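Report on the structure given below.
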Amino acid sequence: MVSLKNWDNKTWLSSKDYIKSFSKFLIKNSNLNSKSEILDIGCGRGKISGNLYNELKLISKPTGIDIVDHKDKDKRIRFKKSNGLNFLDKNKKFFDLILIKQTIHLLKIREIKKLIKLCKKYLKPNGVIMVLTLDPYKNEIPTFKLMNSKLKKSLNRDKKIIALLEKNNKISKTKKFIYKVKILKSKYLQMINDRYISILLEFDLNQIENGVNEINSNFKKRIIFKDKLQCIIISRNV
Ligand SMILES: C[S@@+](CC[C@H](N)C(=O)[O-])C[C@H]1O[C@@H](n2cnc3c(N)ncnc32)[C@H](O)[C@@H]1O
């Protein structure tokens with residue numbers, strides 16, 4: 001698979017405001033404090049975990065795992081270039097929070113089952129796994145026609161993943177994280193060109209070019225929408 005390199009590359013997903021409000025959401029829905037140990041699977045540039053390091057005045061740097069090693073990753077995390085499963089197979093540490101944000105859909109179903117099983121094994125007694133996916137029911141991501149049909153398929157798969165997680169685990173809470181995005185159309189078109197989201201990775205240049213033209217004629221100069229995530233909080237006891 002082609003790797004995802006531009007997700008948090010100077011987009012709203014890496015803006016100070018987004019990181020701050022997402023950190024607030026994480027802190028509100030977990031029992032984190034300065035002694036907490038955090039693992040971020042599919043951390044991207046690690047800005048979220050890096051911000052938690054400051055916000056919580058963490059003693060230990062959060063561990064961030066990703067298959068892509070970005071040059072400009074956050075210095076406040078302990079980064080390991082690895083696949084989540086391989087990392088946990090060799091792991092010996094226990095965590096208060098294992099964050100899997102907008103990453104689980106990139107795994108095969110059998111890998112998801114194995115990953116969550118391993119995550120539970122390495123949770124401290126009051127620790128939680130927080131799995132975030134795009135809200136599969138009320139999504140507002142701006143799309144072009146072809147992108148929209150890919151997104152629908154991906155969201156249907158997310159519904160299956162959520163059902164599987166709910167069936168196999170003790171879910172302590174389900175929460176929504178909603179962030180209001182205001183973005184210049186020119187900037188969003190750049191993100192489409194950069195294939196910021198995984199559903200765009202398989203499109204050829206021509207498909208991207210047509211999509212850019214479509215969005216250009218269908219949206220105003222400033223695009224406003226809500227980026228909605230669903231969060232499933234899994235605790236250790238089954
Ligand atoms: C959509 S991005 C989300 C990044 C970050 N969690 C965030 O929300 O800003 C998904 C990330 O998962 C990484 N990834 C994909 N498969 C992975 C795997 N098996 N193990 C670890 N990371 C993976 C990708 O390289 C990418 O950085």
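The values are calculated or read from the model by the stated rules, or taken from the named source; none is laboratory data. Keep in mind it's a predicted model, so treat the numbers as computed, not measured. Heads up, the Cβs are rebuilt from the backbone with ideal geometry, glycines too, and the neighbour counts pull from every protein chain shown. Just the protein is used for accessible areas: all its heavy atoms, side chains included, with ligands, DNA and RNA removed. Shrake-Rupley method; radii C 1.70, N 1.55, O 1.52, S 1.80 Å.
Computed from backbone phi with θ = phi - 60° and the Karplus coefficients 6.51, -1.76 and 1.60, the 3J(HN,Hα) list for the stretch 170-176 is 8, 8, 7, 7, 10, 10, 10 Hz; x is used for glycine and proline.
Could you compute the net charge surrounding ARG222? Neighbours are other residues with a C-beta less than 9 Å from the C-beta of ARG222; K and R count +1, D and E count -1.
Numbers: positive: LYS182, LYS185, LYS220, LYS221; negative: none.
For residues surrounding ARG222, the net value is +4.
Computed over the chain, the range of Cα coordinates on each principal axis works out to 53, 35, 29 Å, biggest value leading.
Under 5 Å from the amide H of VAL128 lie the amide H atoms of LEU97, ILE98, each residue being 5 or more positions distant or on a separate chain, with H modelled from the backbone and absent for Pro and chain starts. Would you please classify the overall shape of the stretch 152-202 from the alpha carbon gyration tensor, given that a ≥ b ≥ c denote the square roots of the eigenvalues, rounded means a/c under 1.5, and beyond that prolate means a/b larger than b/c while oblate covers the rest? It is oblate, given that a/c is not under 1.5 and a/b is not larger than b/c. Within the stretch 156-238, all pairs of alpha-carbon atoms sorted by distance into 5 Å bins from zero give the percentages 3, 12, 16, 17, 14, 13, 11, 9, 5, 2, 0.
Per the 1.4 Å probe, what fraction of the accessible area of the chain, in percent, lies on carbon and sulfur atoms? After summing per-atom areas, the C and S share lands at 50 percent.
Within the stretch 92-121, name every residue whose backbone N is under 15 Å away from a label modeled 7 Å from Cα of LEU85 along the Cβ vector. Backbone N within reach: 104-119. Computed from backbone phi with θ = phi - 60° and the Karplus coefficients 6.51, -1.76 and 1.60, the 3J(HN,Hα) list for the stretch 211-218 is x, 4, 4, 4, 5, 4, 8, 8 Hz; x is used for glycine and proline.
Restricted to Cα atoms, the stretch 92-206 shows a radius of gyration and a Dmax of 16.4, 51 angstrom. With a Förster radius of 41 Å applied to the C-beta separation of SER186 and LYS117, the computed FRET efficiency comes to 0.35. Listed peptides 185-193, 158-166, 58-66 appear in the order 58-66, 185-193, 158-166 once ranked by packing, highest mean of other Cβ atoms within 10 Å at the front. For the chain, the 222 nm mean residue ellipticity estimated from helices alone, with every DSSP H stretch of n ≥ 4 adding -39500 (n - 2.57) and the total spread over all residues, rounds to -12000 deg cm²/dmol.
Hey, got a sec? Which chymotrypsin sites (Phe, Trp or Tyr not before Pro) in the stretch 133-182 land in a DSSP loop and have at most 11 other Cβ atoms within 10 Å? Before the final figure, lay out each step's value.
Details: sites: TYR137, PHE144, PHE177, TYR179; in loops: TYR137, PHE144.
Counting only loop positions with at most 11 other Cβ atoms within 10 Å, the chymotrypsin sites (Phe, Trp or Tyr not before Pro) in the stretch 133-182 are TYR137.
What value does the stretch 24-79 have for Rg/Rh, both radii from Cα atoms and Rh as Kirkwood defines it?
Values: Rg = 10.7 Å, Rh = 11.2 Å.
Reported Rg/Rh (Cα atoms, Kirkwood Rh): 0.96.
Across the chain, the relative contact order, built from alpha-carbon pairs under 8 Å that are at least six residues apart, equals 22 percent. Applying the Karplus relation 6.51 cos²θ - 1.76 cosθ + 1.60 with θ = phi - 60° to the stretch 123-128 yields 3J(HN,Hα) values of 8, 6, x, 9, x, 9 Hz, where x marks Gly and Pro.
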